[in-house]
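Quick notes on the structure that follows.
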Amino acid sequence: MAKTFEKGNVAIAKAAVAAGCKYYFGYPITPQSDIPEYLSGVLPSVGGQFVQAESEVASINMLLGAGATGKRAMTSSSSPGISLKQEGISYMAGSEVPGVIVNVQRSGPGLGGIAPSQGDYFQATRGGGHGDYRIFVLAPSSVQEMYDLTVLAFDLADQYRMPAMVLADAMLGMMKEPLDEWVPEPKAFDKGDWALGGASGRPGRRVKSLFLGDGELAEHNWRLAEKYREIREKAVRVDVQVPDGCELAVVAFGSAARIAKSAVDRANDEGRRVGLIRPITLWPFPTAEIREVAERGVPLLAVELNTGQMVEDVRLSSEGRSPVTFAGWPPGYLPSPDDVYGEIARRLAGGEKVA
Amino acid sequence: MKAVFTRPESLTDKPFHFCPGCHHGVIHRLVAEAIDHYGVREKTIGAASVGCSVFLYDYFDIDVVESPHGRAPAVATGIKRANPDRFVLLYQGDGDLAAIGTAEIIHAANRGENLTVVFVNNTVYGMTGGQMAPTTLLGQPTTTSPYGREFGQDGYPIKMTEMLAQLEGVGYAARVAVDTPARLAKARKAVFQAFETQVEEKGMGFVEILATCPTNWGLPPLEAVKRVETEMIPYFPLGVYKERKGKDFL
Ligand SMILES: Cc1ncc(C[n+]2csc(CCOP(=O)(O)OP(=O)(O)O)c2C)c(N)n1
Ligand code: SF4
Ligand SMILES: [Mg+2]
């Protein structure tokens, strides 16, 4: 159980190896290139393969190929590259192929910039590809969680036979923190009845998303929907710190949650009662947990590094039971705890109109 | 009694859905014969592409993963890298391989991936109703080149085999046709060679097969077969463009 001091990106790469991932496919892009750089050095020595692909389109399809044979594999990129992966993600969801996709978000739209941002929330949680599908979206907010949630992503992907995304950002990727490199117990997932490996002693099988038979595709979609319903029920992860008597609860994920935490602590130190809700799974979203807080009449303040995306899910979760407001900072200016504290203070003073 | 025409073992008994006179069926048989000959049915994983051959998995009794349009060489790379002892088979059309998937095929070839690629060039997008392909011949009318392909507007038909043969990672590259018994025999040899290249780990084994699409050419089957010789072969010369003897990579 090695204790180290590590960069967030490297924590993800190390977690992948610890989780038994032997195959990595990717294309360079800032601010995540530490991941392929690390894995290109390590994977060959554990009997794995590192392939620098010609594009993100190719990388995600390599992941589809490796995943279809039941092998643990990963790709990583940052926002513009994740846009290119959407076709493949849709195919993986449709043909129920597990695989881990890491998005160390930079800023957009377009080439945007390399500053940290949470501008890909919609793309990640709504499915940027075509069709009626969902993928796991896990949002770390520390270097340790970069590691822990990457390990979890592999398990969830295998358990539910679908893609799982780790949604980080430039800040989490580049910063260094203490890291406990725990070694996960290898979990056995039975892939014997679907993974491809050659039709030895059995008829050929397919991994596919094309269903043209009468009613076949509707049936397939309903089956996927049932899987997603089960996941919503069982797999939500959220950190809820909203004690009784709170005057306000901030909802924030990832690096925004780190900044918000300092602001919330300051408000509480000053004698106010402010809570913090930190979604860890962005899909499945902690709808019930947020509704429970809203039912207690606690006003909600969504804080994001964008101009307002997750706030829509917060509103849907609250269903009007308590007021929901938003404070956001698009890329190029990283808010300080004081900035967030200012937004909290304004709401406590009743200065913000309810949206 | 000696059976003169039997179904290759790796083909299922499902009747082909292809149009009358379409060469996809003949080419499927050739590929199945190669699978049987090399005894790789039980270790083959196919990467199907998008086009009239998308139902590959209905006809071949092998494991198959479906790829997005053009991406089969990337999917196959993922399969092969994670399972180097498996036999990985690609079957792609000209729209799939020579248009939308150009980057994927070139780079899989250039990396020297040990893959076998069967490239079916019928000079049109068959599945989507006969639109112009990058391989459509000059003057050939299609539903999106109604006045015939004109180079000033659409460029020239692309010669993939010649291009790929330039790449160090390609172990075998040939262009064949299946319009006469003599050419069919040569085509069988070429397909076998493309299989052998992978078996011997000499890089990519690539075979382009000139094929008919009577439906979208607007020709009766017999005339479509004639067109292979009169129009296609003169522009797309047949032959072996590359044959690596040993593992003599640079
Ligand atoms: C991303 C994407 N674009 C377009 C299509 C539509 N499409 C399906 S098959 C095809 C062309 C197939 O032509 P070819 O590869 O030559 O195969 P053929 O049918 O001629 O054998 C196209 C454009 C698609 N399925 N996906
Ligand atoms: S449309 Fe063309 S390529 Fe497709 S099955 Fe018919 S003849 Fe063959
Ligand atoms: Mg075609």
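The values are calculated or read from the model by the stated rules, or taken from the named source; none is laboratory data. The shown structure was predicted, so the numbers you read here are calculated from the model rather than taken from an experiment. Positions of Cβ are backbone-derived with ideal geometry, glycine not excepted, and every protein chain shown enters the neighbour counts. Side chains are part of the model used for accessible areas, which takes the heavy atoms of the whole protein and leaves out ligands, DNA and RNA. Shrake-Rupley method; radii C 1.70, N 1.55, O 1.52, S 1.80 Å.
Which trypsin sites (Lys or Arg not before Pro) in the range B:1-83 sit in a loop by DSSP (not H, G, I, E or B) and have at most 13 other Cβ atoms within 10 Å of their own Cβ? Each step should come with its number before you reach the end.
Working: sites: B:2, B:29, B:41, B:43, B:71, B:80, B:81; in loops: B:2, B:71.
Loop-located and lightly packed - B:2.
Can you pull the accessible area of residue B:229 for me, 1.4 Å probe, Å² to the nearest 10?
Answer for residue B:229: close to 90 Å² accessible.
Starting from the exponent 0.38 and prefactor 2.2 Å, build the expected Rg for the range B:105-155 from its residue count and divide its actual Cα Rg by it. Walk me through the numbers before you get to the answer.
Numbers: Rg = 14.1 Å, N = 51, 2.2 N^0.38 = 9.8 Å.
Expressed relative to 2.2 N^0.38 Å, the Cα Rg reads 1.44.
Mind telling me which of A:132, A:193, A:148 comes out most flexible in a GNM of chain A, alpha-carbon contacts under 10 Å?
Taking springs between Cα atoms under 10 Å, the residue moving most is A:193.
If you count the DSSP beta bridges with both ends in the range A:241-348, what percent of them are antiparallel, to the nearest 5? Mind dumping the intermediate values first?
Numbers: 1 of 13 bridges.
So the antiparallel bridges in the range A:241-348 amount to around 10 percent.
When the accessible area of chain A is split by element with a 1.4 Å probe, what percent falls to carbon and sulfur? Walk me through the intermediate numbers first.
Values: 7110 of 13760 Å².
Here carbon and sulfur together make up 52 percent of the probe-accessible area.
Compare each residue of the range B:71-100 in its chain alone against the assembly with all protein chains, and report those whose accessible area goes down by 10 Å² or more; 1.4 Å probe, heavy atoms.
Buried on complex formation: B:71, B:74, B:75, B:77, B:78, B:79, B:81, B:82, B:83, B:86.
So which GluC sites (Glu not before Pro) in the range B:1-72 pass both tests, a DSSP loop state and at most 15 other Cβ atoms within 10 Å of the Cβ?
Details: sites: B:9, B:33, B:42, B:66; in loops: B:9.
Here the GluC sites (Glu not before Pro) that fit, given the DSSP loop and packing criteria, are B:9.
Positive end of the charge dipole of chain A (Lys, Arg +1 and Asp, Glu -1 on Cβ, about the Cα centre): tell me which of A:305, A:52, A:36 has its Cα farthest that way.
A:52
In Å², nearest 100, what accessible area do chains A and B bury in total when the solvent probe is 1.4 Å? Please report the intermediate quantities before stating the final value.
Numbers: alone 15040 and 11190 Å², together 23610 Å².
Looking at A and B, the buried total is near 2600 Å².
Of all chymotrypsin sites (Phe, Trp or Tyr not before Pro) in the range B:87-161, which ones are in loop regions per DSSP and have a Cβ with at most 16 other Cβ atoms within 10 Å?
Values: sites: B:87, B:91, B:119, B:125, B:147, B:151; in loops: B:147.
Those satisfying the criteria are B:147.
How large is the charge dipole for the range A:64-149, taken about the Cα centre, if only the Cβ atoms of Lys, Arg (+1) and Asp, Glu (-1) carry charge, to the nearest 20 debye? Let's see the in-between values first.
Values: 6 positive and 6 negative charges, 26 e Å.
For the range A:64-149, the charge dipole is close to 120 debye.
Alpha carbon centre of the range A:262-301 versus the range B:183-229: separation in Å?
About 64 Å separates the Cα centre of the range A:262-301 from the one of the range B:183-229.
Students often forget the sequence filter, so: which aspartates and glutamates lie under 12 Å Cα-Cα from residue B:14 once same-chain residues fewer than 8 apart are removed?
B:58, B:61
With every protein chain left in place and a probe of 1.4 Å, what is the accessible surface of residue A:130, to the nearest 10 Å²?
Number for this one is 110 Å².
Near residue A:3, which lysines are there with a Cα under 30 Å away, not counting those fewer than 8 places off in the same chain?
Within reach: A:14, A:22, A:71, A:176, A:187, A:261.
Only Lys, Arg, Asp and Glu count, each charged at its Cβ (+1, +1, -1, -1), so figure out the dipole size of the range B:78-128 about its Cα centre, rounded to 20 debye. Walk me through the intermediate numbers first.
On the way: 4 positive and 5 negative charges, 39 e Å.
Charge dipole of the range B:78-128: 180 debye, to the nearest 20.
With every protein chain left in place and a probe of 1.4 Å, what is the accessible surface of residue B:222, to the nearest 10 Å²?
140
Calculate, in whole percent, how much of the Cα-Cα pair population of chain A lies beyond 30 Å. The partial results should precede the final answer.
Values: 23346 of 62835 pairs.
That fraction is 37 percent.
Throw me the Rg/Rh for the protein assembly as shown, computed over C-alpha atoms with Kirkwood Rh, two decimals. Intermediate values should be presented prior to the final figure.
On the way: Rg = 27.3 Å, Rh = 26.0 Å.
Rounded to two decimals, Rg/Rh equals 1.05.
Place a +1 charge on the Cβ of each Lys and Arg in the range A:92-227 and a -1 charge on the Cβ of each Asp and Glu, then give the dipole magnitude about the Cα centre in debye, rounded to the nearest 20.
Numbers: 13 positive and 18 negative charges, 98 e Å.
Its charge dipole is roughly 480 debye.
Calculate, for the range B:24-243, the solvent-accessible area per residue in square angstrom, rolling a 1.4 angstrom probe over the heavy atoms of the protein chains. Intermediate values should be presented prior to the final figure.
Working: 7250 Å² over 220 residues.
Each residue of the range B:24-243 exposes 33 Å² on average to a 1.4 Å probe.
Regarding the range A:241-348, what are the three Cα extents along the principal axes, ordered largest first, in Å?
Taking the Cα atoms of the range A:241-348, the three principal extents are 31, 31, 21 Å.
Measure out, as a whole number of angstrom, how far apart the alpha-carbon centroids of the range A:302-336 and the range B:144-179 sit.
For the range A:302-336 versus the range B:144-179, the Cα centre distance is 53 Å.
Averaging sequence separations of C-alpha pairs under 8 Å and six or more residues apart, then dividing by the length of chain A, give the relative contact order as a whole percent.
Details: 744 pairs, mean separation 59.3, N = 355.
Reported as a whole number, the value is 17 percent.
Projected onto the charge dipole of the protein assembly as shown (+1 at Lys/Arg Cβ, -1 at Asp/Glu Cβ, origin at the Cα centre), which of B:197, B:117, A:350 gives the Cα projection farthest towards the positive end?
Value computed over the given set: B:197.
Picking from B:53, B:156, B:32, whose Cα lies most toward the positive end of the charge dipole for chain B (charges on Cβ: Lys, Arg +1; Asp, Glu -1)?
Value: B:32.
Rounded to the nearest percent, how much of the accessible area of the range B:24-243 (1.4 Å probe, protein heavy atoms only) is carbon and sulfur? Display every interim value, and only then the final one.
Details: 4130 of 7250 Å².
For the range B:24-243, the apolar C and S fraction of the accessible surface comes to 57 percent.
Residues of the range A:229-339: accessible area per residue at 1.4 Å, in Å²?
Numbers: 4630 Å² over 111 residues.
With all protein chains present, the range A:229-339 gives 42 Å² per residue.
Starting from the residue with the highest accessible area, list A:211, A:5, B:16 in decreasing order, probe 1.4 Å. Mind showing how you got there, number by number?
On the way: A:211 45, A:5 120, B:16 80 Å².
So, going from the largest accessible area down, we get A:5, B:16, A:211.
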